[in-house]
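The values are calculated or read from the model by the stated rules, or taken from the named source; none is laboratory data. Computed from a prediction, not measured in an experiment: that's the story for all the values here. All Cβ positions, glycine included, derive from the backbone under ideal geometry; neighbour counts span all protein chains shown. Keep in mind that these areas ignore ligands, DNA and RNA; they rest on the heavy atoms of the full protein, side chains included. Shrake-Rupley method; radii C 1.70, N 1.55, O 1.52, S 1.80 Å.
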Amino acid sequence: MGYPHPAHPKETPVLSKHFGDAGARTFDGWVQRGGYAALRKALGMTPDAIIEEVKGSGLRGRGGAGFPTGLKWSFMPKGDGKPHYLVCNADESEPGTFKDREIMRWTPHQLIEGCAIAAYAIGAERCYIYIRGEFTEPLRVMTAAVAEAYAKGALGADVFGSGKRIDIVLHRGAGAYICGEETAMMNSIEGRRGNPRIKPPFPAQAGLFALPTTINNVETLASVSHILNRGAEWYKGLCLSNPKSTGTKLISVCGHVQRPGNYEVTMGTPMKDLIFDMCGGMKPGRTLKAVIPGGSSVPIMTAAETEDCLLDYEGVVARGSMLGSAGMIVMDDSTDMVYQIWRLARFYAHESCAQCTQCREGTAWTTKILERILAGKGKASDLDLLLSLSENMTGKTICVLSDSCAAPIVSGIAKFRSEFDAYLSGARQPALAMA
Amino acid sequence: MSGTTHGHADAPHQAVFTGRVLARLEALFPQYPTKQACLLPALWMVQEERGWISEPAMAEVAEVLGLTPAYVKGVVTFYTMYHTHPVGRHFIQVCTTSPCNLCGAEAVMEALLRETGCGELGATSPDGRFTVSEVECLGACGFATPIMINDDFIESVTPERVAGILQGYK
Ligand SMILES: Cc1cc2nc3c(=O)[nH]c(=O)nc-3n(C[C@H](O)[C@H](O)[C@H](O)COP(=O)(O)O)c2cc1C
Ligand code: SF4
Ligand code: FES
């Protein structure tokens, strides 16, 4: 539900059903709400059977890339005799995205249960949950919940008397967006600078501490207990459009809507219903101008493109963008697009880990050029220069942070060119003093 | 929550990893296959105890974990939350990334700079009470504008609320 707002009739609250209900935070409270039945059930199944069930559900990774979760788990080697690891990605730093925070704050045991099931399925005895350093409250709630889960036998050397060992270690980040990238996160846990690694090798072969590792997002793992409880068929049935996108999705909506918050919808729900019904539309007298639908790293959509857009992986691609982590940034007609695109470029320039030339130089130069345009000192050739820099920043680096910086620039120039031209011609007053 | 212990750049280094703090660190060793993996947690402990991480403290961490001081410094400087110089008693971070910017974060930042007396980003107020810094997306964009004061996370801050909030931090 769109916490802090009550559930809207067009929502399908599964993961968010207990947001705002502090009673769900304790072990007993979670059990009263049906919790830990799925973990008990899973321990009576074979790891392969669990993986098959998750595959059958159609669950795809909620961290941004949408990779099928069951398939990812099946890449883990079997019978290799080595330790395996599960890493839960709770770094949530993509501008616009704030859903994992609510899962951890309100339903910590939903995440712990999902981690325990996944760890068992991939043959891991230990799971590291990497929580971004700024998430002090989620860390406190998770710390208390993990301690309680150990005390009640849901974690430890003999989970619920099954003879299986599952440990969870909470690892606090220290401020670096890039540590949300999976291989950077592994380096960070190992006590290194958070530089992404070149792939291959892929994490399932050589991940954390060079051992087979699976990494999943908080929301992905939180979905797992519901799939085991209610079955793959039920989950697959949560689908209003493309059968490749199943289940519910938490959509974080921020920016110029009346009721920002997290809304949980069935895959395939119209974007219009979300923006105008659930979130109450724009402020009085304002109209919708643009939406960045998947966290800041995806192309910008115009209001017209959102008209008939369906919220699932394929639906958003069909309208020129990506669902990503489903952090929707909504902008009304008061928005200065050039200014916002500059602010996003500045974010990526600040967060680049600087090991690839195209990214280190490209994010810095695009930011400077946008700054110059905003200061009224842009040159006629600047837009072409921005596009050629963006071209060099796309598809050429170790990770996709570089591409993410280029996405709003390229789509912004294509779709809102007149606003750039207004600064270049002097028709618009400078928005920044310096350059 | 109270502010962090205030350290001075020129005070001689007193070991952090003794007694209770050392015990806390050693309790982490079994949770990781290498001691190096305890580096981020160890640095957090230094910052909790001293308010910032000095070069002698980095050298001490290196010694305890079997690393070199240069390596530790390389890691410390990668992460924005570790302070490599002393900061005000209360460290304030305000999000100004696009989603918050759309909702008026710049005005919140200006109010913070004014009301704390810091004047500019990164500077410490003359009374040593505050340092204000900009931070990229705090993962709470639906509650614009979030700020952090030390470990306290405060949502939906407006310029009007700033003075009242600061009163809670002496
Ligand atoms: C620059 C960058 C930042 C990322 N940040 C996050 C993040 O904060 N949280 C997250 O879950 N995934 C993030 N990802 C995606 C992860 O690399 C990874 O794909 C994901 O955690 C896999 O989990 P899933 O399959 O459950 O989605 C990021 C990727 C990149 C390239
Ligand atoms: S693309 Fe950027 S962030 Fe990613 S590895 Fe290269 S320099 Fe680092
Ligand atoms: S942009 Fe401010 S919290 Fe995300």
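In the set (1) over 18 Å from A:TYR128 (Cα atoms); (2) crowded, with 24+ Cβ neighbours inside 10 Å, the condition left unmet by A:GLY114 is number (1).
I'm checking my understanding of the structure. Among residues of the range B:82-111 that are open to solvent by less than 20 Å² (accessible area, probe 1.4 Å) and assigned to a loop (DSSP other than H, G, I, E, B), which one is nearest to ligand 3 (Cβ to nearest atom)? It comes out as B:THR97. Tally time: how many residues in the range A:61-114 are closer than 23 Å to A:ALA147 by Cα, away from ligand 3 (no atom under 16 Å from the Cβ) and either modelled with pLDDT under 95 or out of contact with any strand residue (DSSP E or B) (no Cβ under 9 Å at 6 or more places or on another chain) (or both)? Residues flagged as closer than 23 Å to A:ALA147 by Cα, away from ligand 3 (no atom under 16 Å from the Cβ) and either modelled with pLDDT under 95 or out of contact with any strand residue (DSSP E or B) (no Cβ under 9 Å at 6 or more places or on another chain) (or both) within the range A:61-114 amount to 6. Which numbered condition in (1) out of contact with any Ser or Thr (no Cβ under 6 Å at 6 or more places or on another chain); (2) over 22 Å from A:ILE329 (Cα atoms) is the only one that B:LEU138 fails? Condition (2) is where B:LEU138 drops out.
Cβ-Cβ contacts under 8 Å between residues 6 or more apart (or on different chains), taken from a first residue in the range A:307-325 that is on the phi > 0 side of the Ramachandran plot to a second residue that is in a helix (DSSP H, G or I) and surrounded by 20 or more Cβ atoms within 10 Å (Cβ to Cβ), are listed as A:GLY320/A:GLU305; A:GLY320/A:SER411.
Within the option set B:GLY104, B:GLY74, B:GLY88, being farther than 26 Å from A:ASP167 by Cβ and out of contact with any Lys or Arg (no Cβ under 8 Å at 6 or more places or on another chain) holds for one residue only, B:GLY104. Among the conditions (1) closer than 30 Å to A:GLN355 by Cα; (2) within 16 Å of ligand 3 (Cβ to nearest atom), the only one that A:PRO138 does not satisfy is (1). Name the residues in the range A:345-374 that are farther than 19 Å from A:LYS396 by Cα, more than 13 Å from ligand 1 (Cβ to nearest atom) and under 21 Å from the mean Cα position of the chain (by Cα), would you? Selection gives A:ARG346 alone. From the list A:ALA232, A:ALA176, A:ALA204, the lone residue that is within 16 Å of ligand 3 (Cβ to nearest atom) and open to solvent by less than 40 Å² (accessible area, probe 1.4 Å) is A:ALA176. Could you say whether any residue in the range B:127-146 is more than 14 Å from chain A (Cβ to nearest Cβ) and without any contact (Cβ under 8 Å) to a residue 40 or more places away in the chain? Among the residues of the range B:127-146, at least one is more than 14 Å from chain A (Cβ to nearest Cβ) and without any contact (Cβ under 8 Å) to a residue 40 or more places away in the chain, which makes the answer yes. Within the set A:SER404, A:SER334, A:SER411, A:SER390, the sole residue that is under 23 Å from B:THR97 (Cα atoms) and assigned to a loop (DSSP other than H, G, I, E, B) turns out to be A:SER334.
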